[in-house]
Amino acid sequence: MRVLVIDDEPDILLLCRVNLGFAGHEVLEAPDGERGMELAMRDRPDLIVLDVMLPTLDGLSVLRMLREHPETSETPVILLTARAQFDDQARGWEAGCAEYVTKPFSPTDLADIIARAREMTPQDRRLRRDQALADLARGVELLSPGRISR
């Protein structure tokens with residue numbers, strides 16, 4: 001499987017290249033959103049691992065653009081980011097990610113997440129997104145003022 005990793009941190013690119021390569025994947029790399037879009041359109045990877053905070057073009061913008069193009073609209077995209085707040089996750093799921101993984105992460109877990117995401121149908125990914133958004137909404141509700149028990 002061809003995996004495109006878009007991240008501005010050289011250590012993350014190296015970690016992904018080594019671990020995903022070891023798992024048998026061909027790994028393409030981009031250090032920013034613009035280059036990532038170029039590679040996604042030119043090389044048509046089977047799956048994309050995308051950081052949210054990127055120079056030139058942020059990851060959510062890249063994800064939205066990928067969803068707008070017929071050639072990449074169904075390509076699974078895993079957001080890999082340090083942004084872990086409920087609203088950050090909700091924006092990622094709403095933009096159309098297949099999975100939302102927060103840094104720091106386990107490279108072994110990432111390979112498993114990639115395998116699961118690739119096996120899912122577009123319908124499965126939509127159901128996963130809807131469930132994740134519902135879970136986030138419940139979490140926000142449970143943490144709202146007046147709901148927290150002491």
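None of the figures in this text is laboratory data; all of them are computed from the coordinates on show. Just so you know, these numbers come straight off a predicted model, no measurement behind them. Don't worry about glycine lacking a Cβ; one is built from the backbone with ideal geometry, like all the others, and counts go over all protein chains shown.
Going by amide H atoms built from the backbone, whose H comes under 5 Å of the H on GLU29, apart from near neighbours?
The list, which skips near neighbours in sequence, is VAL5.
For a test of the definition: using alpha carbon positions, the gyration tensor, and the 1.5 limit on a/c, classify segment 42-120 as rounded, prolate or oblate. Mind showing how you got there, number by number?
Working: a/c = 1.60, a/b = 1.09, b/c = 1.46.
It is oblate, given that a/c is not under 1.5 and a/b is not larger than b/c.
Work out the FRET efficiency for LEU14 and LEU133 from their Cβ-Cβ distance, taking R0 = 35 Å, and round it to the nearest 0.05. Write out the running numbers ahead of the final one.
Working: r = 33 Å, r/R0 = 0.94.
About 0.60, to the nearest 0.05.
Using only Cα atoms, locate the centre of segment 14-53 and the centre of segment 106-125, then give the distance between them in Å, rounded to an integer.
Distance between centres, Cα-based: 15 Å.
Just want the answer: with Cβ charges of +1 for Lys and Arg and -1 for Asp and Glu, which residue in ALA82, LEU63, HIS25 is farthest toward the dipole's positive end in segment 12-150?
Of the listed residues, the answer is ALA82.
Give me the one-decimal nm value for the distance between modelled label points at LEU57 and ARG35, 7 Å along each residue's Cα-to-Cβ direction.
1.4 nm
Based on the alpha carbons, how large is the Rg to Rh ratio for segment 24-88 when Rh follows Kirkwood? Let's see the in-between values first.
Working: Rg = 11.5 Å, Rh = 12.1 Å.
Reported Rg/Rh (Cα atoms, Kirkwood Rh): 0.95.
Would you mind calculating the relative contact order of the chain from Cα pairs under 8 angstrom and at least 6 residues apart, reporting the percent as a whole number? Don't skip to the end; give the middle numbers.
Values: 221 pairs, mean separation 29.0, N = 150.
In percent, rounded to a whole number, it is 19.
Helix-derived [θ] at 222 nm for the chain: sum -39500 (n - 2.57) over DSSP H runs of at least 4, divide by residue count, nearest 500?
On the way: 6 runs with 79 residues, N = 150.
Here the helix-only value at 222 nm equals -16500 deg cm²/dmol.
Return a whole-number percent for the relative contact order of segment 41-85, with Cα pairs under 8 Å and 6 or more residues apart as the contact set. Intermediate values should be presented prior to the final figure.
Values: 44 pairs, mean separation 23.5, N = 45.
Computed value for segment 41-85: 52 percent relative contact order.
What per residue convex hull volume, in Å³, comes out for segment 2-143 when only alpha-carbon positions are used? Mind dumping the intermediate values first?
Working: hull volume 13.6 nm³, N = 142.
Spread over its residues, the Cα hull of segment 2-143 gives 96 Å³ apiece.
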